[in-house]
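K.L.:
Quick one: structure below, then a few questions.
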Amino acid sequence: MTGKIVLTGAGGNIGRVLSAHFAATGRPVQRTDIQPLAQAGALPSDGKTAQAEAGAADVFPPMQGDLGDPAFCKALLDGAHAVVHLAGIPNEQPFDDLLQHNYIALYNLYDTARRSGVKRIVYASSNHATGMYPTGTRIDPSMPVNPDSQYGLSKVWGEALARLYWEKHGIESVCLRIGSFQPVPSSIRHLSTWLSHRDACALVDASLDTPNVGFDIVYGVSANRRAWWDNSHAKVAYRPNDNAEQHLPEIDRTLTKVDPLEARLQGADFAAEGYSR
Ligand code: 15L
């Protein structure tokens with residue numbers, strides 16, 4: 001996919017890795033974040049990421065702002081062909097915060113994209129859209145949503161919004177139900193949920209480049225032997241390479257006790273928090 005790509009949440013964990021990847025692969029990216037990008041968290045130590053973060057590799061000048069502000073969205077999406085939308089609250093928080101950053105900001109983004117002629121949005125959803133399914137149950141995106149938290153519910157809503165804008169306005173969306181984005185897996189759960197940095201970059205590349213994707217939902221997970229999530233029917237041509245099992249010896253050394261409820265549900269601590277059934 002050619003043309004300007006807007007990367008929201010560029011200062012976050014995934015955003016910093018993708019910034020470096022996009023800089024290295026020559027994508028014409030405009031980074032944006034609600035925080036000043038130079039201060040949006042500690043930098044990974046590799047030179048490429050630091051260079052991208054410092055702005056040296058930016059094709060378009062980075063923009064700082066709040067997607068809750070429609071005027072900011074309009075300026076940001078001017079001339080954009082695609083958006084990789086990572087911004088938003090990444091865990092369980094008071095509903096008012098989710099409302100602002102995961103609902104209102106996402107609505108602004110999609111509705112501005114519609115008026116600005118954006119062709120495709122890659123939306124960072126989450127595995128917590130289905131986190132109440134039991135561990136060990138193999139699931140795929142055709143199965144009913146099963147959110148494990150208000151955060152997970154906000155991601156379900158985001159996926160439905162993306163679907164509406166495809167069916168009604170023809171904006172393509174790839175919703176990524178991201179698992180555990182970590183340099184290496186560090187818990188038993190990660191043996192199922194890990195998404196390596198390398199596979200995350202491949203997933204976003206495929207989400208941008210697969211032609212005629214329409215609307216799709218893909219789990220953001222590496223090729224883990226114990227994965228619970230089945231992407232075999234995805235339209236996006238994502239072929240993961242990493243397998244958390246290779247890190248099993250390291251995980252065994254750092255094993256901690258896990259709450260039985262967390263061990264029983266895919267969403268783990270997200271699912272267990274406030275559980276009162
Ligand atoms: C998520 O959606 C969170 O943003 C991240 O912090 C992890 O908790 C991840 O899911 C996970 O399930 O491991």
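K.L.:
Is it the case that Asp140 is in contact with a His (Cβ under 7 Å, 6 or more places away or on another chain), more than 21 Å from Ile14 (Cα to Cα) and more than 15 Å from the ligand (Cβ to nearest atom)? Steps first, answer last, please.
P.N.:
Details: in contact with a His (Cβ under 7 Å, 6 or more places away or on another chain): yes; more than 21 Å from Ile14 (Cα to Cα): yes; more than 15 Å from the ligand (Cβ to nearest atom): yes.
Criteria met by Asp140.
K.L.:
Another one. Out of all the residues in the range 247-267, is one or more of a type in the set (Ser, Thr, Tyr), away from the ligand (no atom under 16 Å from the Cβ) and open to solvent by 40 Å² or more (accessible area, probe 1.4 Å)? Reasoning before the result, please.
P.N.:
Here is the first cut: in the range 247-267, the residues of a type in the set (Ser, Thr, Tyr) are 254, 256.
Now drop any that are not away from the ligand (no atom under 16 Å from the Cβ), which leaves none.
The answer is no, given that none of the residues of the range 247-267 is of a type in the set (Ser, Thr, Tyr), away from the ligand (no atom under 16 Å from the Cβ) and open to solvent by 40 Å² or more (accessible area, probe 1.4 Å).
K.L.:
Then there is this: Going by the conditions given, is Leu208 surrounded by fewer than 15 Cβ atoms within 10 Å (Cβ to Cβ) and on the phi < 0 side of the Ramachandran plot? Walk me through how you get there before you give the answer.
P.N.:
Details: surrounded by fewer than 15 Cβ atoms within 10 Å (Cβ to Cβ): no; on the phi < 0 side of the Ramachandran plot: yes.
Spelling it out, it is not the case that Leu208 is surrounded by fewer than 15 Cβ atoms within 10 Å (Cβ to Cβ) and on the phi < 0 side of the Ramachandran plot.
K.L.:
Now for a different question. So the check is Cβ under 6 Å with 6+ separation or different chains; which pairs have a first residue in the range 124-136 that's on the phi < 0 side of the Ramachandran plot and a second one that's polar (S, T, N, Q) and at pLDDT 95 or above?
P.N.:
Within 6 Å, the pairs are His128/Ser149; Thr130/Asn146; Gly131/Gln266; Met132/Asn146; Tyr133/Asn146; Tyr133/Gln266; Thr135/Gln266.
K.L.:
Still on this structure, please answer the following. Provide a single number: the residues in the range 79-93 that are more than 16 Å from the ligand (Cβ to nearest atom) and not in a strand (DSSP E or B).
P.N.:
Residues of the range 79-93 more than 16 Å from the ligand (Cβ to nearest atom): 79-83.
Next, from what is left, pick out any that are not in a strand (DSSP E or B): 79.
Total satisfying the criteria: 1.
K.L.:
So which residues in the range 165-179 are touching a helix residue (DSSP H, G or I) at 6+ places or on another chain (Cβ under 8 Å) and either more than 10 Å from the ligand (Cβ to nearest atom) or open to solvent by 10 Å² or more (accessible area, probe 1.4 Å) (or both), if there are any at all? Explain how you work it out, then say what you get.
P.N.:
Taking the range 165-179 first, the residues touching a helix residue (DSSP H, G or I) at 6+ places or on another chain (Cβ under 8 Å) are 165, 169, 171-179.
Hits for the range 165-179 are Tyr165, His169, Ile171, Glu172, Ser173, Val174, Cys175, Leu176, Ile178, Gly179.
K.L.:
OK, next. For the range 184-217, enumerate the residues that are closer than 18 Å to Gly267 by Cβ and out of contact with any helix residue (DSSP H, G or I) (no Cβ under 6 Å at 6 or more places or on another chain).
P.N.:
Our first condition is that a residue be closer than 18 Å to Gly267 by Cβ; within the range 184-217, this holds for 185-195, 217.
The answer is Ser186, Ser187, Ile188, Arg189, Ser192, Thr193, Leu195, Ile217.
K.L.:
Another one. Can you run down the residue pairs with Cβ atoms below 7 Å, 6 or more apart or on separate chains, where the first is in the range 172-187 and farther than 16 Å from Asp199 by Cβ and the partner is within 10 Å of the ligand (Cβ to nearest atom)?
P.N.:
What qualifies is Cys175/Ser125.
K.L.:
Any chance the range 225-243 includes a residue that's outside any helix (DSSP H, G or I), away from the ligand (no atom under 16 Å from the Cβ) and β-branched (Val, Ile, Thr)?
P.N.:
yes
The values are calculated or read from the model by the stated rules, or taken from the named source; none is laboratory data. The model shown is predicted, which means the values in this text are computed figures rather than measured ones. Cβ atoms come from the backbone with ideal geometry, glycine included; neighbour counts cover every protein chain shown. Accessible surface is based on the protein model in full, side chains and every heavy atom, while ligands, DNA and RNA are left aside. Shrake-Rupley method; radii C 1.70, N 1.55, O 1.52, S 1.80 Å.
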